[in-house]
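Everything on this sheet refers to the single structure shown next.
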């Protein structure tokens, strides 16, 4: 269920795999995406299961309507009744509030500055990485008092540069914006490495504590991959800051 989990100085990071939920084929089992065709009741049950596994209140997990853009919003609690906005990064200075990002090949980016009490979650697919969603998220964190030198960044399971084949023109367009994303597949064709691009962006911003989950979603049968399966579920990355003791 929770494939990988990390904790550092009161900041918590977690990434799910596809197992331990209630969704049926082709979403089996722990699909956390609500817009992929799965039964809504199954998605809700899966989100509850994952939250409880992490010791979180499911009602205090903030999700996004992700659109492959670079818009960021700051949250201090669950969304109001008027709905979830279309953004690809969320930032909070509320300890104990969990932020979630959905992926199935794109790079989930989790960020936290425990000293400032600021956390962020970003959805960095190829378009979002090129548009600068991660730098935008870091900028929003800095406005709330975060220091890039204190930020811990964790990127989760995503399609790797050896597998993300693209047309040569697309690779050139991406590399013109982010040279670190230039890649070649294991079979010798043009590719893009989105995670490498994200890591390069973070380094330029002064974020030093950066690590990757080391899992290629396309290669791993334990993870959802849109490029491999098309109709499939979504993984989730979660970040939250421990509440201060009173």
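Quick notes on this one:
- For the stretch 177-199, the count of residues that are more than 26 Å from residue 94 (Cα to Cα), free of Cβ contacts under 8 Å to residues at least 12 places away in the same chain and touching a helix residue (DSSP H, G or I) at 6+ places or on another chain (Cβ under 9 Å) is at least one.
- Count - residues of the stretch 223-234 that are more than 18 Å from residue 24 (Cβ to Cβ) and surrounded by fewer than 19 Cβ atoms within 10 Å (Cβ to Cβ): 2
- Number of the condition not met by residue 105 [criteria: (1) surrounded by fewer than 23 Cβ atoms within 10 Å (Cβ to Cβ); (2) part of a loop (DSSP other than H, G, I, E, B)]: (1)
- Single residue of 177, 130, 138, 142 found to be closer than 18 Å to residue 202 by Cα and either modelled with pLDDT under 95 or surrounded by 23 or more Cβ atoms within 10 Å (Cβ to Cβ) (or both): 138
- A single entry from 72, 22, 61 fulfils the requirement of being crowded, with 17+ Cβ neighbours inside 10 Å, over 18 Å from residue 234 (Cα atoms) and in contact with a helix residue (DSSP H, G or I) (Cβ under 6 Å, 6 or more places away or on another chain): 72.
- Test set (1) over 18 Å from the mean Cα position of the chain (by Cα); (2) within 20 Å of residue 13 (Cβ to Cβ); (3) assigned to a helix (DSSP H, G or I) - residue 206 fails condition number: (3)
- Each residue in the stretch 180-198 was checked for being part of a helix (DSSP H, G or I) and surrounded by 22 or more Cβ atoms within 10 Å (Cβ to Cβ), and 5 of them qualify.
- In the stretch 6-19, the residues that are more than 18 Å from residue 48 (Cβ to Cβ) and surrounded by fewer than 15 Cβ atoms within 10 Å (Cβ to Cβ): 7, 8, 9
- Any hit, the stretch 215-230, residues being within 14 Å of the chain's Cα centre (by Cα), under 17 Å from residue 128 (Cβ atoms) and in contact (Cβ under 8 Å) with a residue 40 or more places away in the chain: yes
The values are calculated or read from the model by the stated rules, or taken from the named source; none is laboratory data. Note that this is a predicted model, so its numbers are computed, not measured. Please note: Cβ atoms are built from the backbone with ideal geometry, for glycine as well, and neighbour counts cover all protein chains shown.
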